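The values are calculated or read from the model by the stated rules, or taken from the named source; none is laboratory data. As the structure is a prediction and not an experimental result, all values here were calculated from the model. So basically every Cβ, Gly included, is an ideal-geometry build from the backbone, and we count neighbours across all protein chains shown. Heads up: the accessible areas ignore ligands, DNA and RNA and are worked out on the full protein's heavy atoms, side chains in. Shrake-Rupley method; radii C 1.70, N 1.55, O 1.52, S 1.80 Å.
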Amino acid sequence: MARKKSWRDMTKGQRIMLLVSGAVNMALLGAAQRSIGKTPDDQIRGKKAIWRAVSFINFFGPVSYFLFGRRRDAEHAGKGAAAVKS
């Protein structure tokens, strides 16, 4: 079985990439959590609590929230426009 690489075993480039990917992941997580908190319930597909939990999955959680969890403006506006015409 292969031994895990320690910080000392990594090259400078590997260390930088690890730090950059960690920073990007934390930025995505923060942005997703902030968006979930500020977005009204009717503009989120599903429950906020579920999206909050999903957003903690590295990279894929926040990205999936931004792609699939939020309702698009046109989609949400279309429902409102249909209600006004009726």
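So who's got an amide H within less than 5 Å of the one on Ile44, skipping anything under 5 residues away but keeping other chains? H placed 1.01 Å off N, in plane.
Residues meeting the amide H criterion: Arg71.
Please turn the phi angles of the range 2-17 into ³J(HN,Hα) values with the Karplus equation 6.51 cos²θ - 1.76 cosθ + 1.60 (θ = phi - 60°), one per residue in order, whole Hz, x for glycine and proline.
Karplus-based 3J(HN,Hα) across the range 2-17 equals 6, 7, 5, 6, 8, 4, 5, 7, 7, 6, 4, x, 5, 4, 4, 5 Hz.
I'd like the carbon and sulfur percentage of the solvent accessible area for the range 1-75, probe radius 1.4 Å, heavy atoms only, ligands and nucleic acids excluded.
66 percent
Please compute the net charge surrounding Ser64, taking Lys and Arg as +1 and Asp and Glu as -1 over other residues with Cβ under 13 Å from its Cβ. Numbers along the way, then the final one.
Details: positive: Arg45, Arg52, Arg70; negative: none.
My count for the surroundings of Ser64 gives +3.
Any idea how far the Cα center of the range 22-47 sits from the one of the range 51-72, in Å?
7 Å
With each label point set 7 Å from Cα along the Cα-Cβ vector, what nm distance links Ser64 and Trp7?
Modelled inter-label distance: 3.2 nm.
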